[in-house]
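Nothing in this text is a laboratory measurement; each read-out follows from the coordinates by a stated rule. Not measured: the values here are computed from a predicted model. Neighbour counts run over all protein chains shown; Cβ positions are idealised from the backbone, glycine included.
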Amino acid sequence: MAYNKTNALVYEIIQFISKFMPRIKFNPLIKKALAYCLDDWVEFRTQITLKQLDDDIEELHAQWDKEEAKNFEYIFSEEEPDGSEAQRLLGGPMRLSAPWMSDKNEPSS
């Protein structure tokens, strides 16, 4: 959603100044300015927060991908040929599986 950047900036400036001069918030003109600029400031802060959250999520996913790639190993197995012409030329069946998957066709050991 679009917001008025000037209103968001005015709200930020008033908040910053009020840290050094707290009594400024009691000024009727400042109260009206804060009330008028509040919606734009909230939208501005929401967009900043969501952008930071998206960046953190991307960083976390990249970290998870690195950890997963480091711990990800394949199990390669090759069986002996059964004597047929095709397997004599090409070799026996080969299998590639992950350590956490068990082949349902193989008998359990």
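If I fit a long axis through the Cα atoms of helix 28-71 and take the longest principal axis of the Cα atoms of the chain, what angle between them do I get, 0 to 90°, rounded to 10?
So the inclination is approximately 20 degrees.
Please list 14-21, 3-10 highest first by mean number of surrounding beta-carbon atoms within 10 Å per residue.
In descending order of packing, they fall as 3-10, 14-21.
Taking N as the number of residues in segment 1-81, what is its alpha-carbon radius of gyration divided by 2.2 N^0.38 Å?
In units of the 2.2 N^0.38 Å rule of thumb, it is 2.16.
Using alpha carbons only, how many degrees (0 to 90, rounded to 10) separate the axis of helix 5-20 from the longest principal axis of the chain?
In the chain, helix 5-20 runs at an angle near 70 degrees to the longest axis.
For the pairs K5/K32; K5/K25; K19/K51, flag any whose C-alpha to C-alpha distance is greater than 24 Å.
As for pairs spanning more than 24 Å Cα to Cα, those are K19/K51.
Just round it to a whole percent: the fraction of Cα-Cα distances in segment 59-98 exceeding 16 Å.
Here the long-distance tail beyond 16 Å is 57 percent of all Cα pairs in segment 59-98.
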